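The values are calculated or read from the model by the stated rules, or taken from the named source; none is laboratory data. What you see is a predicted model; the values in this text were computed from it and never measured. Positions of Cβ are backbone-derived with ideal geometry, glycine not excepted, and every protein chain shown enters the neighbour counts.
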Amino acid sequence: MMGVHQSQVELFSYRVNLEHRIRRDHPLRRVASVIDFAFVRAEVARYYGKNGNVGIDPVVILKLMFLLFFDDVPSERELMERLPERLDYLWFLGYGLEDGIPDHSVLSKARKRWGKQVFEQVFIRTVQQCVEAGLVEGGKIYVDASLVNANASKDSVIKGSPELITAYKQAYAAQETKLQDATTPEGYQAINDRMVSSTDPDAALVRKGGGGTRPRYHHHRAIDDAQGVITAVETTPGSIAENKKLMSLVEQHERNTRKKVQTAVADSKYGTSENLAACVEASIRPHLGELENRTNRPSDEAGLFEESRFAYDPAADIYRCPAGQKLERRRFHKRRRTWEYVAAHKVCAICPLRSQCTRCATGRSVQRHELEAEVAVGRQMARSVAAQRDRRRRQHLMEGSFALAANEHGFKRSRWRRLWRQQIQDWLIATVQNVKILLKAEGKRLTGVLGMHISLEAVSLFQSKPWERHWVVCCQFLSH
C-alpha cells in the first residue's frame with residue numbers, strides 16, 4: 001500500500017540530535033577535528049569588559065568568518081539567513097535548533113574591535129599545522145602576486161592637484177605608497193598622486209590589461225613546493241611593485257615555518273638585479289625569470305649593442321665599448337642602486353659605430369649594480385636547467401593556487417574597504433586553502449590505512465574461510 005506523508009508543524013521537538021544528523025565524513029566535521037578555534041578567546045579577552053551585556057562567543061564569530069570564505073557565501077547578511085536552514089552550519093557553530101541567530105553586524109563590529117592580528121594568528125596556526133603534518137618541505141618556495149579589485153567603483157575616483165590628493169589621504173589616514181616600492185618609473189609623476197578613490201582611499205589606481213584603470217590591491221603570496229601550502233601572505237596597495245616583496249615573503253616564510261629557504265622561484269617580473277643580489281647574499285638560489293629592461297639594455301631587435309658587448313675593467317673601474325672607447329663612472333642612482341658609466345659626448349658624436357650603439361643625443365650609458373658580482377652569480381643560477389624546470393612547475397602550482405582562491409573563495413574582489421580589512425580577507429582565504437590541503441592529506445592517510453586493513457583481512461580470510469572470498473573481493477573493490 002502506498003503511503004502519503006502528512007506534513008505537520010511540530011510544536012516541540014525533543015529527539016533532534018544534530019550530532020546524529022551530520023554525516024561522519026562531512027567536511028565541516030573534519031575541519032572541526034583539524035582546527036581548534038578556541039584559542040581566539042585568549043587572544044581577544046582584552047577587548048571585553050567584566051560587566052555589562054554578554055556578547056557572542058568569539059569562537060562562534062571566528063567560525064562564522066571562516067564559513068564566509070570556506071563556502072564563498074556572497075555576504076554576511078546572506079550567511080545569517082542561511083544559518084537556520086543549514087544543520088551542518090548549526091552543528092559547526094555549536095548551536096541548537098532553537099538558538100537565536102546573531103545579527104550580521106556582529107561580524108563587522110568584531111573585526112573592528114579585534115583588529116587584524118587575530119586573523120594573522122589563525123593563518124600562522126594553519127601553516128604550523130601543515131608543517132607538523134609533514135606537508136611543508138620548506139627549502140623551496142614559489143612567489144607571485146595578483147591584483148584584487150577593491151570594493152570601489154571607477155566613479156568613486158576623484159581628480160585633483162597633488163597637494164589636494166595628499167591632504168585628502170591624510171584626512172582619511174590612507175596608506176601611503178613608498179616611491180621605492182612603486183611601479184612608477186623614476187622621473188614620472190605617479191597617477192596616484194593626482195587621483196584617489198573617495199570610497200576606498202587605501203586602494204591604488206592600477207591598469208590591468210585592457211580593463212582600464214580602477215582601484216586595486218596587490219596580494220603577494222609564497223607557497224611551498226611540497227603540497228602548495230601557503231606559507232606567507234602580504235597585502236599592499238596595487239601600485240606596489242610585486243618584485244619589491246620577494247625578500248619580505250622569504251623572511252615571513254622562514255618565520256612561520258622555521259625552515260631556511262634554499263631556492264626561491266618566481267617569474268621574470270622578479271628577476272631584478274636587486275633581487276638576484278639579495279638572494280645570493282642570503283645564500284638562496286634565485287631561480288627567477290630574467291627581467292628585460294629595454295630602457296637601459298638595448299636588444300638585438302632594436303639593432304643596438306647589448307650591454308654584454310661592453311667590457312668592464314675592474315682595475316681602472318671603466319667600461320670599454322665595442323669601438324674601444326672608455327666609459328667612466330658619472331653618478332649613482334640611489335633608487336636602482338646602480339652606477340652609471342658614460343662616454344665623453346665628443347667621442348660618441350664622431351664614433352663610426354654610433355648608429356649601432358645608441359640613438360640618444362647625449363651618447364651611450366651603461367648601468368652597473370653596486371653588487372654586480374653577486375648579480376652575475378645570481379643570473380647564472382637563474383639560467384640553469386634546474387631553474388627552468390622550477391619555473392615550469394611554478395606555472396601550474398602557483399597559478400593553480402590563485403585559481404582555486406578565485407573560483408572557490410571570492411579572491412578577486414574585496415568584500416570590505418580599507419587595507420587592514422583586505423589583509424583580513426587575504427589571511428582568511430589563505431587559511432581556508434591550507435585547511436583544505438590538510439583535509440585532503442588526512443583523507444588520503446585514512447584511505448591508505450583502511451585499504452591496508454582490508455588487505456590484511458583478505459589474506460586471513462582467504463587462508464581460513466574460502467567461502468567468504470567473494471565478500472572480501474567486494475570489500476577490496478569498495479575500498480578503492
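Okay, here's what the table says:
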{"item": "Odd one out for SER239, checked against (1) touching a Phe, Trp or Tyr at 6+ places or on another chain (Cβ under 8 Å); (2) at pLDDT below 95", "result": "(1)"}
{"item": "Flag for ASP155 being surrounded by 15 or more Cβ atoms within 10 Å (Cβ to Cβ) and of a type in the set (D, E, K, R)", "result": "no"}
{"item": "Qualifying position, being farther than 30 Å from GLU290 by Cα and modelled with pLDDT of 95 or more, among VAL432, VAL472, VAL449", "result": "VAL432"}
{"item": "Yes/no for VAL265 being modelled with pLDDT of 95 or more, touching a Phe, Trp or Tyr at 6+ places or on another chain (Cβ under 8 Å), among the aliphatic types (A, V, I, L, M) and crowded, with 17+ Cβ neighbours inside 10 Å", "result": "yes"}
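Per-residue answers, yes or no, for (1) among the charged types (D, E, K, R); (2) assigned by TED's automatic domain parsing to the domain that holds SER198; (3) more than 30 Å from LEU438 (Cβ to Cβ):
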| position | (1), (2), (3) |
| --- | --- |
| GLY212 | no, yes, yes |
| ILE230 | no, yes, no |
| ILE240 | no, yes, yes |
| GLU251 | yes, yes, no |
| ASP267 | yes, yes, no |
| VAL280 | no, yes, yes |
| ARG320 | yes, no, yes |
| GLN325 | no, no, yes |
